[in-house]
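Read the figures in this text as sums done on the coordinates, not as results from a lab. Bear in mind the structure is a predicted one, so any value in this text is a computation, not a measurement. Quick reminder, even Gly has a Cβ in these numbers, built from the backbone with ideal geometry, and neighbours come from all protein chains shown.
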Amino acid sequence: MNTVTLIGSCGALLTTLAFLPQAVKTIRSKHTKDLSLALLVIQSMGNAVWFVYGLLRTDIPVLTANLFTLILVVTILGYKIRYK
């Protein structure tokens, strides 16, 4: 693995992990009042577009990070919609 890929992988891992605590807290508490619906929708759309970009470029760090982040954000979004 070259240095550029390593740096990209580290950044991808950190930005993906950033959503993990919120997802866990949301799943446990089912409390979403303070979460912005607009943020979750825009973030999920952005992650979906980055995922497609990663597919088209065959960029594994971009692809995997955005797939996992998309799963986390869509999970939180689902809770936001279900537990208004």
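Before moving on, here are some points about what is shown:
- Scanning the stretch 33-42 for residues that are within 21 Å of residue 6 (Cβ to Cβ) and either out of contact with any Asp or Glu (no Cβ under 8 Å at 6 or more places or on another chain) or among the aliphatic types (A, V, I, L, M) (or both) turns up nothing.
- If you go through the stretch 6-61 and keep only what is within 11 Å of the chain's Cα centre (by Cα) and either part of a loop (DSSP other than H, G, I, E, B) or loosely packed, with under 11 Cβ neighbours inside 10 Å (or both), you end up with 14, 18, 19.
- Residue within the stretch 26-46 that is in contact with a helix residue (DSSP H, G or I) (Cβ under 8 Å, 6 or more places away or on another chain) and free of Cβ contacts under 8 Å to residues at least 24 places away in the same chain present: no
- Pairs, first in contact (Cβ under 8 Å) with a residue 24 or more places away in the chain in the stretch 64-78, second hydrophobic (A, V, I, L, M, F, W, C) and not in a helix (DSSP H, G or I), C-beta under 8 Å, six or more apart: 69/19; 72/19; 73/19; 76/19; 76/35
- Restricting the stretch 62-84 to residues that are surrounded by 19 or more Cβ atoms within 10 Å (Cβ to Cβ) and of a type in the set (S, T, N, Q), the residue that is nearest to residue 2 (Cα to Cα): 66
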